[in-house]
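Everything on this sheet refers to the single structure shown next.
Values quoted throughout were computed directly from the atomic coordinates according to the rules given, and no laboratory measurement underlies them. Just so it is clear, the model here is predicted, and its values are computed rather than measured. Please note: Cβ atoms are built from the backbone with ideal geometry, for glycine as well, and neighbour counts cover all protein chains shown.
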Amino acid sequence: MANDVDLRQFLEQREELIVRKREELKRELEELRHVRASLESGRHMLARNEHREKLTIKEMIRAVLEQNPTGGTSDQIVSWISQTFDNEVARSSLSPQLSRLKSEGEVDLDDELGKWRLRYHSSGKNLAQKMRERDEEVHREHLRTIGRIGGQY
């Protein structure tokens, strides 16, 4: 009879241990899936950054003028593109694109001030700001994930 009690107690303890381990493994699996999703998101972010490098000069002009609704001179636009997209655009390459955008009705030139402005400025956030915010959020999520993993091991 004592052997039956010992065996029953052993089986109950073993079952509790297995259930606890199963819960731990489920949490670990959930965390692994979360990390994998974050990594995929990071790859997506890298793809977005690569896409950024492939933006046309006209797209970059639109983005920086969207960010600067009062407009800017050609030199300012070159500087903004460099700061925003980490892309050096020669003024000699910028001028023809500004002329095309003007002929397409997308920008206007204030001859007195020498400033280019978008003809129709959106009321929402600009493209460059949206891209920066998405990149920052992905970065914050990676840091949170790394912090959670580091705390477990």
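By how many nm would the segment from Asn3 to Arg119 grow when fully extended, if each residue of separation counts as 0.36 nm and the alpha-carbon distance is taken off? Please report the intermediate quantities before stating the final value.
On the way: separation 116, 0.36 × 116 = 41.76 nm, distance 8.90 nm.
Difference between extended and current length: 32.9 nm.
How far apart, in nm, are two points set 7 Å out from the Cα along the Cα-to-Cβ line at Glu136 and at Glu24?
If labels sit at Glu136 and Glu24, their model points lie 4.0 nm apart.
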